[in-house]
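The values are calculated or read from the model by the stated rules, or taken from the named source; none is laboratory data. These numbers come from a predicted model, not from an experiment. Virtual Cβ from ideal backbone geometry, glycine too; neighbours counted across all protein chains shown. These area figures cover heavy atoms from the full protein model, side chains too; ligands, DNA and RNA do not enter into them. Shrake-Rupley method; radii C 1.70, N 1.55, O 1.52, S 1.80 Å.
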Amino acid sequence: MEYKNFLQLVSKRKSCRNYDDEEVPDSLLEKCIEAARLSPSACNKQPWRFVIVKEKNTRIKIFKKGLLPFLPMPWFMKAPVIIALCAATEFTTHKFAPMLSGIDYKLIDLGIAGEHFVLAAESLGLGTCWIGWFKEKKVKKILDIPKNIKIASLITVGYPVDNEPNTKEKLPLDKVTFYEKWNQQREK
Ligand SMILES: Cc1cc2nc3c(=O)[nH]c(=O)nc-3n(C[C@H](O)[C@H](O)[C@H](O)COP(=O)(O)O)c2cc1C
């Protein structure tokens, strides 16, 4: 794939907060998971697990009991699919390595896999939105998720109502890139 095509896909993605009623076939969701399961992971532990939630009653329960306050997400119920992006936590690497390095590898792994999922969804014409503002305990209970599994994020999925470009302001390259040392810009 050429860089320009890749960049086009990445630039087109935006957090979708308005979904069409059309159902999303499992085959498409599985394509997204296929892209996610190919992600790199610390020590190749592949801690990602995906719970696909389509049942309206379950989505209502998550909407009513599983979201945190102060950030209303009335559009949440418009999404026909909720993915609970989960992390298996039993791996020794994930338990002990962070004690030495201070890095939570499983969350990094989940972030990578989640974004693979999101970009695959984008390439299939689906909209997505990461949802980090949820009550993990409540959602775990609603979905029967065992104790040793962590929900890293929820992701809403569905066909977007509009195809407007992403207008969110993003930091320019020179604000986020340094050469050799912190805060050192490239010599012009
Ligand atoms: C880890 C994470 C958690 C997020 N949680 C929420 C959320 O709870 N509710 C929401 O509406 N958007 C959420 N977002 C979406 C961000 O608000 C959005 O990505 C950001 O504003 C940039 O906009 P864009 O995705 O359209 O480029 C989350 C995004 C990430 C990556």
Exactly one of (1) away from the ligand (no atom under 14 Å from the Cβ); (2) outside any helix (DSSP H, G or I) is unmet by Lys141. Its number?
(2)
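Residue-wise test of (1) at pLDDT 95 or above; (2) assigned to a helix (DSSP H, G or I).
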{"site": "Phe6", "(1), (2)": "yes, yes"}
{"site": "Glu22", "(1), (2)": "yes, no"}
{"site": "Leu28", "(1), (2)": "yes, yes"}
{"site": "Ala36", "(1), (2)": "yes, yes"}
{"site": "Arg49", "(1), (2)": "yes, no"}
{"site": "Ile62", "(1), (2)": "yes, yes"}
{"site": "Ala84", "(1), (2)": "yes, no"}
{"site": "Phe96", "(1), (2)": "no, yes"}
{"site": "Asp109", "(1), (2)": "yes, yes"}
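Answer with yes or no whether Ile103 is within 16 Å of the ligand (Cβ to nearest atom) and among the β-branched types (Val, Ile, Thr).
Numbers: within 16 Å of the ligand (Cβ to nearest atom): no; among the β-branched types (Val, Ile, Thr): yes.
Judged against the criteria, Ile103 is not a match.
Are any residues in segment 159-173 away from the ligand (no atom under 14 Å from the Cβ) and either within 22 Å of Pro72 (Cβ to Cβ) or touching a residue at least 24 places away in the same chain (Cβ under 8 Å) (or both), and if so, which ones? Spell out how you get there, then give the answer.
Taking segment 159-173 and keeping what is away from the ligand (no atom under 14 Å from the Cβ), we get 159, 161, 172-173.
Hits for segment 159-173 are Tyr159, Val161.
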Of all residues being within 16 Å of the ligand (Cβ to nearest atom) and not in a loop (DSSP other than H, G, I, E, B) in segment 124-138, which is nearest to Lys95 (Cα to Cα)? Just the residue, please.
Glu136
Are any residues in segment 61-99 of a type in the set (Lys, Arg) and either away from the ligand (no atom under 14 Å from the Cβ) or closer than 13 Å to Phe134 by Cβ (or both), and if so, which ones?
Lys61, Lys64, Lys65, Lys95
What number goes with the only condition from (1) under 21 Å from Lys137 (Cβ atoms); (2) within 16 Å of the chain's Cα centre (by Cα); (3) within 16 Å of the ligand (Cβ to nearest atom) that Ser39 does not pass?
(1)
Which one of these is of a type in the set (S, T, N, Q), touching a strand residue (DSSP E or B) at 6+ places or on another chain (Cβ under 7 Å) and open to solvent by less than 80 Å² (accessible area, probe 1.4 Å): Ser15, Ser27?
Ser15
Within segment 116-150, can you find the residues that are of a type in the set (A, V, I, L, M, F, W, C), in contact with an Asp or Glu (Cβ under 9 Å, 6 or more places away or on another chain) and open to solvent by 60 Å² or more (accessible area, probe 1.4 Å)?
Trp130
